[in-house]
Amino acid sequence: MSEEGKAQGVGARLPRKEDDRFLRGRGQYVADIRLPGMQDVAFVRSPLAHARIKAVSIPDHVRDRVFVAADLDGVKPIRAVSGLPGFKPSEQPPLAREKVRQVGELVAMCVAPTRAEAEDIAALVELDLEELPAIHDMRRARDETASLVHEEWGDNVFLETLVDVDIASAFDAPIKVSRTISTARQCMAPIEGRGVVAHLDRRLDQLCVTTSCQMPHIVRSGLSECLGLMEERIRVVSPDVGGGFGYKGILLAEEVCLGWLALRLDAPVRWIEDRREHLTANADCREHHYEITVYAERDGTIRGVDCEAIVDSGCYSAYPFSACLEAAQVASILPGPYDFPAYRCRTWSVATNKPPILPYRGVARTGVCFAMELALDAVAAAAGVTPEQVRLKNLVRPEQMPFDNITRKHFDSGDYPEALTRALKMIDVDAVRARQKAGEPDGRRIGFGLSIYCEQSAHGTSVYSGWGIPMVPGHEQAGARLTPDGGLELRIGAHSHGQSLETTLPQVAHEILGIPTDRIRLVHGDTAMTPYSTGAWGSRMMVMTGGAVASACEELVERAVAIGAHLLQADSSDVRFEMGRVVGPSGDIQLSEIARVWYRRPQDLPTGAHGGGLEVTAGYKPQRDSGTFSYAAHAVTLAVDAEIGAVEILDYVIVEDGGVLVNPMVVDGQILGGLAQGIGTALLEEMPYDQAGQPLASTLGDYLLPGAAEIPAPRIDHMETPSPYTRFGVKGIGEGGAIAPPAAIANAINDALRPLGVEMLASPVTPDRIVEAVLTARAASPRERRDAA
Amino acid sequence: MKAARFDLVRPRDLAEALDLLSAPSGVVKVMAGGQSLGPMLNLRLVEPDLVVDISAIPELRRFERAGDTLVIGAGCTHADIEDGRVADAGPDLLARVASGIAYRAVRNRGTVGGSLAHADPAADWPTALLALGAEIELASREGRRRLPLGAFLTGALSTALHAGELILAIRIPQVSPSAGFGYVKHARKIGEFAHALGAALVDLDAQAGRAVMGAVDRPPIVFEDAGVLFGGRIGPDIGAFDRSVADEALKAAGVASEAARHVHVEILRRALAQAIDRAPSAARAAA
């Protein structure tokens, strides 16, 4: 391979191709679309969290511009059923019928030439609601049945699960540490919210729905199920998408409503989510509650972990991931990167009068990492060893790889202790502890925190089929077509909404075909033009779509070699393919020349040439579909001002292993973005609800997101242990950056405040919570917490 | 959300603006930078019939020195003050306060008069300007009047502004060369409204000072004589600061949470420490 070629293939730090349009403000988002005669939609949303709908009054003069549930003839509710035993399904009507179950639930749809006028109409619609007691607390939702989100269930539990691997064997351990740990309900907050434009394409007789989403093919299936249209009559387009993170991995009631309305009016209609709808009405994430007990030997060796976890799943099961993905993941991945012999985990996915929750970057891993890593620091304190000692004792070791853990997760490769050791060295833990001991001139307290996680990613059929949800990933496909002048078009059914696939997939194609990446185009986000895919989720695209692109390109090579050998008048066995050309014993021929012959001079082709020509759709599945395991060790040094609760991150180190990196710069970008979100989870972001189920953060003045000033410049080190199962040895890394920071930061805050007798166990760790805990600890002395030792 | 329908006028001079305000038909709102009113219109928290945009009135963008008083037009933006296009009341004093307001994009449009008229208790100018002993000058078609800022701010989001009146200017006494100004803002992130504000002006030579606690759910709490926070007279030793006096004032103001009071008192203490530290004092130099 030439030096020039190396600079564009797998492993190159190629600048992002998509940045040219994004940085110049030339992206094309849903809200940029203008269709002739397009009308705007505003929704009348429920002002109450839980109520019976007695009447919806619409003034006569706007009656033909307002639509309610009774108007949506034949439209079926959104149903995302899990096949797990005991799962109770919910039915989400696109416009509420009989009851509303959350603030912001859609009740009526108003259409007008502009959004402001549609809102004027919405203001005229009167709702007569009979308020019911709101269920806002997940623990009470689990235990009480006085008020029910779905009456027909008899309780408020979507699903209860239990895993028990010999937990009784750990009960005699000398150290027993129990903690109550929780993560707040959050909003995902991509810069671009949701948005839908729907119209009828009369020529193709297709309902065309353009929507800011991560999984256009899944949305098509969902629309088909709800609208009763066959799938070939629906086209879903996802244009440029300004961030997803899981928020756009759902079939929206708004999408169903707009699809119906476009057909009903035979006119283009659009709805653009505003930030208030986004924050108060649409899906949330992350709300977990843990009662966790760790049993350990005196040296910190874990004997067993016993946990009860509740996930507040909100009022409806979201399509396609369902209301139980999050809690099911809690049970299966709570053990994280540790090897121990006994485990019990009971989980409840409960229904409350809040919006549904969706898997946010990291999904349940951020919550379980927070629970496990905070509990491990408590174990270290009880055992009188350092946090790194307790982790090194219990991490899965490299010689155990591949390793099946206690929940039968199959770790493909890696050296976890090495990642931790490197992180300790990079941050110079000895110097940090010396500084901590010396004290700060300004009176702030230095804290040091660690966390380690593993991220199962790109997990496939064998993992998802057991859940029986509306979406099970199989083979991932990609189309590759050489153009007559030697360029390449790639078609993928997944979607890039920030992951840099327009850069990294051409790098994969370049690695195989040698075509310069600026001659490679990525076509994505359109069901009419791409192979089926379950879409962008689960850190799967580099493994799955990258693998599919490689397979398609390899098939193209075979076809090109057959033609090239003929043109070189050589036997196929005497030629080889090398960086964009077929090389024979007496000469070579460029791929572009082979393309020219196939398309423009077919008379020169061999008889019996493959009729499929230079266009291929190929599928890919790794040798094992149980997923790749990327991982990282995060270490942070911070300063806590205990009097006002302020936290300043002084140093942040990440040692990450994502297998072979296709583009290390893109991986750095993924880690940075994830870290920013992780800092939001750790310190800032919270969507509080009052007892009536009213959301209390309705603007970004109340819902705090980290900005540039809140994000440190982390130092990142890469290990590259190849996965033995995937093409090129790549692993999925898209979510990892957001998993570890809350735990590392909370552990560091606890390290700083431990001398004061303070331990913070709920995210976000806000100044108010710190000050309250410090004052409480000062008032209550001696310390109340006693861990058996 | 999008604003409900309203009419917009943009008068070119003060007289025209005051005429518009004096004979309203329906609800009138004055818009300067629009950094608070804009979101309120979009959220339909206010639905005026008429919005009077005063950003094109030259009289409101002026500043001048009148003897020992700095007079800043109400329409000067935070960025005008931050960048020094408007004179300061002392070395890097108003400029420092201005530079900490929200984000630069907000500072480019938001005005000092707009901030005072909105009277958000968590905003910077009410607290900072109270510590500096500012007055506010109001104009209507009937004439002009001046009020101490403390009398102007009557409650959270409420002022003594009459119908038909505009804020014309803010009058700030020039800070004595022997005084130090302290200003501390506590927020969870840069750009956020404050959770606690402390401002103090201390003259060690005169053994005098004024101290203010802001971001409570009412107008800022002013200690006209900061000596009460030091058991009598204010001196160079911040160690003499008596937390209980400030804590009692917060209790009287209805701040129920002990943790919130703790933070407010601590922020005030730090503002005072900063002011003492910055006060060029012969007494301290000798010490």
Restricted to Cα positions, what overall size does segment A:494-573 have along the principal axes? Three whole-Å values, descending. 47, 23, 22
Quick one: plug the Kirkwood hydrodynamic radius of segment B:7-53 (C-alpha pairs) into Stokes-Einstein at 10 °C, 1.306 mPa s, and report D in µm²/s. 144
Please grab the % of Cα pairs in segment A:654-768 that end up more than 17 Å from each other. 64
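Compute and list, largest first, the equivalent-ellipsoid semi-axes of segment A:395-442 from the alpha carbon gyration tensor, each √(5λ) rounded to a whole angstrom.
In descending order, the three semi-axes are 35, 11, 7 Å.
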Summing -39500 (n - 2.57) over every DSSP H run of at least 4 residues in chain A and dividing by its residue count gives a helix-only mean residue ellipticity at 222 nm, to the nearest 500 deg cm²/dmol, of -8000 deg cm²/dmol
Need one word for chain A: rounded, prolate or oblate. Basis is the Cα gyration tensor (sqrt eigenvalues a ≥ b ≥ c); a/c below 1.5 gives rounded, then a/b vs b/c decides. oblate
Hey, how many Å between the Cα centroid of segment B:157-191 and the Cα centroid of segment A:644-684? 39
Exceeding 25 Å between C-alpha atoms, which entries from my cross-link table qualify? They are A:K76/A:K248; A:K409/A:K621; A:K88/A:K354; A:K88/A:K731. A:K88/A:K731
Applied in sequence order to segment A:121-134, the curve 6.51 cos²θ - 1.76 cosθ + 1.60 (Karplus, θ = phi - 60°) yields integer Hz couplings, x standing for Gly and Pro, of 5, 4, 5, 8, 7, 10, 9, 9, 10, 9, 5, 10, x, 8
For segment A:140-252: relative contact order, % (alpha-carbon pairs under 8 angstrom, 6 or more apart): 22
For A:V543, what charge total do you get from the other residues with a beta carbon under 9 Å from its beta carbon, if Lys and Arg give +1 and Asp and Glu give -1? +2
Kirkwood hydrodynamic radius for segment B:58-173: how many Å is it when counted over pairs of different Cα atoms? 14.0
Which of A:R185, A:R202, A:R769 comes first, and how do the rest follow, when ranked by fewest Cβ neighbours within 10 Å? A:R202, A:R769, A:R185
Please report the net charge: other residues with Cβ closer than 14 Å to the Cβ of B:A134, K and R +1, D and E -1. -3
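Using a 10 Å cut-off on Cβ to Cβ distances, tally the other chain neighbours for every residue of B:230-242 and report the average as a whole number.
0
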Just need log10 I(q)/I(0) for segment A:608-709 at q = 0.14 Å⁻¹, Debye formula, equal scatterers on the alpha-carbon atoms, no solvent, rounded to two decimals. -0.84
Please identify the GluC sites (Glu not before Pro) of segment A:390-470 that satisfy two criteria: DSSP loop assignment and at most 14 other Cβ atoms within 10 Å. Which are they? none
Starting from the coordinates of the alpha-carbon atoms of chain B, obtain the Kirkwood hydrodynamic radius over all distinct pairs and give the value in Å to one decimal. 19.6
Need the C-alpha centroid separation for segment B:47-93 versus segment A:218-232, integer Å. 59
Starting from the coordinates of the alpha-carbon atoms of segment A:39-168, obtain the Kirkwood hydrodynamic radius over all distinct pairs and give the value in Å to one decimal. 16.8
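Segment A:249-325: D in µm²/s via Stokes-Einstein (Kirkwood Rh, Cα pairs, 20 °C, 1.002 mPa s)?
Working: Rh = 16.5 Å.
Once the numbers are plugged in, D ends up at 130 µm²/s.
For chain B, what does the relative contact order come out to in percent, with C-alpha contacts under 8 Å and a separation of six or more?
For chain B, the relative contact order is 16 percent.
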Once amide H atoms are placed 1.01 Å from N in the peptide plane, what residues at a sequence separation of 5 or more from A:A283, or on another chain, have their amide H within under 5 Å of its amide H? none
Let me know the whole percent of all Cα-Cα pairs from segment B:179-280 that are separated by more than 16 Å. 51
Any idea what the relative contact order of chain A is, in percent, if you count C-alpha pairs under 8 Å spaced at least 6 apart? 17
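Bear in mind these aren't lab numbers, they're just calculated from the coordinates by the rules spelled out. A quick note: this is a predicted structure, and the numbers were derived from the prediction, not measured. Neighbour counts run over all protein chains shown; Cβ positions are idealised from the backbone, glycine included.
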